[in-house]
Amino acid sequence: MGDAMVRTRKWTRVEYERLAEFEILGPEDRVELLGGDVLLKEPQYSPHATAIQLAYRALDRAFGQGWTVRPQLPVALDEESEPEPDPCVVRGNPRDYRDAHPERPVLIVEIAMSRLGFDRQHKGGILYARAGIPDYWIVNLAENRVEVYRERIPDTAATFGWRYRYVSERGPAESVSPLAVPAALIAVADLLP
């Protein structure tokens, strides 16, 4: 047979949504579209699922009225990406997104255990920076801390040409404030299971 070239196919967001519309893909498939690739999502181990609920609660309290915290729901980032962040925060109320997924969350949070490197490099360093997401956090379950990514900048060495300049880590005794509501303090311990 020799060394045959393996070919893959890139998907657009419109094509991906049609797969769901025609029930070729369903909720049980646990996939998301990232950079044109349909990828399996991280398994939800018990600490992961608990951290999603904790993050939802903490963000809902911090943001309050006029904001919606969306747990594991699609975001229309660009023509080839429709991730489902663990939670994300958007302006308005749920009915504002009845006809289309939100495009520009003010904050995206990923809970990471086994795919920490992927969330750091691919999602944060490539996908979210490229899309202009101003505030990206990783709840790092492996190291019991929150990583905060901000200030996207062009970077010709990055896969899609963007990365975050500002990266900091916060431990369980510290807190973090969302850029969109800087007066709100969220205790890192409130995000960790």
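Readers should treat all values here as calculations from the given coordinates under stated rules, not as data from a laboratory. As the structure is a computational prediction, the values presented were derived from the model and not from experiment. Positions of Cβ are generated from backbone atoms using ideal geometry, with glycine treated the same way; all protein chains shown enter the neighbour counts.
Miscellaneous remarks
- Test: residue in the stretch 173-185 that is within 19 Å of Leu34 (Cα to Cα), touching a residue at least 40 places away in the same chain (Cβ under 8 Å), assigned to a loop (DSSP other than H, G, I, E, B) and not hydroxyl-bearing (Ser, Thr, Tyr): no
- Evaluation of Ala157 against the conditions (1) over 10 Å from the mean Cα position of the chain (by Cα); (2) part of a strand (DSSP E or B) shows that the sole unmet condition is (2).
- Residue in the stretch 61-79 that is without any contact (Cβ under 8 Å) to a residue 24 or more places away in the chain, touching a Lys or Arg at 6+ places or on another chain (Cβ under 7 Å) and not aliphatic (A, V, I, L, M) present: no
- If the condition is being farther than 26 Å from Asn144 by Cα and in a strand (DSSP E or B), then the stretch 69-89 contributes Asp78, Ser81, Glu82.
- Any hit, the stretch 113-121, residues being touching a residue at least 24 places away in the same chain (Cβ under 8 Å), surrounded by fewer than 18 Cβ atoms within 10 Å (Cβ to Cβ) and over 24 Å from Leu141 (Cα atoms): no
- Boolean, Thr50 is of a type in the set (S, T, N, Q) and surrounded by 18 or more Cβ atoms within 10 Å (Cβ to Cβ): no
- Single residue of Ile52, Ile138 found to be under 19 Å from Ala187 (Cα atoms) and part of a helix (DSSP H, G or I): Ile52
- Within the stretch 141-151, considering residues that are in contact (Cβ under 8 Å) with a residue 40 or more places away in the chain and outside any strand (DSSP E or B), the one nearest to His48 (Cα to Cα): Leu141
- Among (1) within 23 Å of Leu40 (Cα to Cα); (2) surrounded by 13 or more Cβ atoms within 10 Å (Cβ to Cβ), the one test that Asp135 misses: (1)
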